[in-house]
DNA sequence: CGCACCCCCTGCCGGC
DNA sequence: TGCCGGCAGGGGGTGC
């Protein structure tokens with residue numbers, strides 16, 4: 001479910017509610033996530049303040065003081081949600097009971113998510129996360145450096161978290177449509193003007209998606225239970241056979257590295 | 001090294 | 001109606 005815009009939406013929705021509070025207690029109901037939850041997880045979080053929330057690619061980082069952070073990755077089906085008195089739901093795996101605030105629940109049916117506590121420098125997962133397309137330093141020049149000698153399809157490169165942080169299957173297709181580039185084009189062989197178009201399309205699509213509160217294509221909700229509506233603006237994702245919004249040509253679907261990819265054969269070269 | 005493939009897990013949908 | 005296969009927004013490991 002969550003790519004950069006959804007993770008950022010969750011971050012922003014949680015900020016006003018959890019920053020400044022304290023984790024009074026942690027309740028773990030299921031330790032078998034992508035990696036088993038550490039034996040000392042509860043002890044590491046219990047009693048700690050939440051001083052801020054950052055995002056790196058698809059990872060959330062809760063600053064719990066003393067130089068330590070709670071790292072959260074939502075995998076395919078994970079959510080983080082503030083719940084007042086709503087009853088427990090299936091797949092509620094970790095419950096953070098906050099002082100003077102609703103409880104924060106990590107729910108993840110497929111259990112591909114990840115929770116860890118540690119110092120940023122010691123969190124290996126973060127070391128390999130590539131640059132964020134929403135960062136100020138993002139530019140066509142930067143993208144040019146990233147595609148050098150990479151002959152793989154541009155869509156695969158966009159989704160490689162070590163190269164660029166935060167882009168998943170929905171937004172890779174959407175930004176390639178915006179840039180007028182087909183998903184199977186070799187990254188290294190893109191022309192200068194295509195890279196320029198792509199670099200700005202990446203940013204524009206992600207910004208608009210954050211603005212819309214993310215894509216709620218299944219049942220994505222932010223930290224306070226609100227749906228996003230960017231799915232209504234999808235140009236190509238999950239629109240195989242439907243008319244291109246720009247030229248009315250039927251949208252096509254191809255499979256790249258096992259992932260469905262969508263494009264308009266007329267608008268994208 | 002780069003890349004395709006398979007796996008992890010549950011839920012949902014369409015077809016029979 | 002009920003069952004089954006295929007597919008789903010994630011990443012990591014393996015083996016070519």
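Values for this structure:
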item: Flag for residue A:210 being farther than 26 Å from residue A:72 by Cβ, assigned by TED's automatic domain parsing to the domain that holds residue A:185 and surrounded by 14 or more Cβ atoms within 10 Å (Cβ to Cβ); result: no
item: Any chance residue A:214 is in contact with a helix residue (DSSP H, G or I) (Cβ under 8 Å, 6 or more places away or on another chain) and within 11 Å of DNA strand C (Cβ to nearest atom); result: yes
item: Residue match in the range A:246-259 (condition: within 16 Å of DNA strand B (Cβ to nearest atom), under 19 Å from residue A:205 (Cα atoms) and either assigned by TED's automatic domain parsing to the domain that holds residue A:211 or surrounded by 14 or more Cβ atoms within 10 Å (Cβ to Cβ) (or both)); result: no
item: Verdict on residue A:153 being more than 10 Å from DNA strand C (Cβ to nearest atom), within 15 Å of the chain's Cα centre (by Cα) and more than 22 Å from residue A:63 (Cα to Cα); result: no
item: Residues that are in contact with a strand residue (DSSP E or B) (Cβ under 9 Å, 6 or more places away or on another chain) and more than 16 Å from residue A:236 (Cα to Cα), drawn from the range A:167-203; result: A:185, A:186, A:187
item: Any hit, the range A:190-211, residues being within 16 Å of DNA strand B (Cβ to nearest atom), touching a residue at least 40 places away in the same chain (Cβ under 8 Å) and assigned to a loop (DSSP other than H, G, I, E, B); result: yes
item: Qualifying residue in the range A:164-182 (condition: crowded, with 16+ Cβ neighbours inside 10 Å, within 16 Å of the chain's Cα centre (by Cα) and farther than 28 Å from residue A:266 by Cβ); result: yes
item: Residue A:241 vs. criteria in contact (Cβ under 8 Å) with a residue 40 or more places away in the chain, in contact with a strand residue (DSSP E or B) (Cβ under 8 Å, 6 or more places away or on another chain), on the phi > 0 side of the Ramachandran plot and assigned to a loop (DSSP other than H, G, I, E, B); result: no
item: The range A:105-134: number of residues that are in a strand (DSSP E or B) and within 13 Å of DNA strand C (Cβ to nearest atom); result: 2
item: Given (1) part of a helix (DSSP H, G or I); (2) surrounded by fewer than 17 Cβ atoms within 10 Å (Cβ to Cβ); (3) under 16 Å from the mean Cα position of the chain (by Cα), index of the condition residue A:141 fails; result: (3)
item: Single condition residue A:122 does not satisfy, out of (1) under 19 Å from the mean Cα position of the chain (by Cα); (2) closer than 25 Å to residue A:37 by Cα; (3) not assigned by TED's automatic domain parsing to the domain that holds residue A:198; result: (1)
item: Residue in the range A:46-53 that is within 21 Å of residue A:112 (Cα to Cα) and crowded, with 20+ Cβ neighbours inside 10 Å present; result: no
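The values are calculated or read from the model by the stated rules, or taken from the named source; none is laboratory data. Quick caveat: nothing in here was measured; it's all calculated off a predicted structure. Cβ sites come from the backbone with ideal geometry, for glycine too, and all protein chains shown count toward neighbours.
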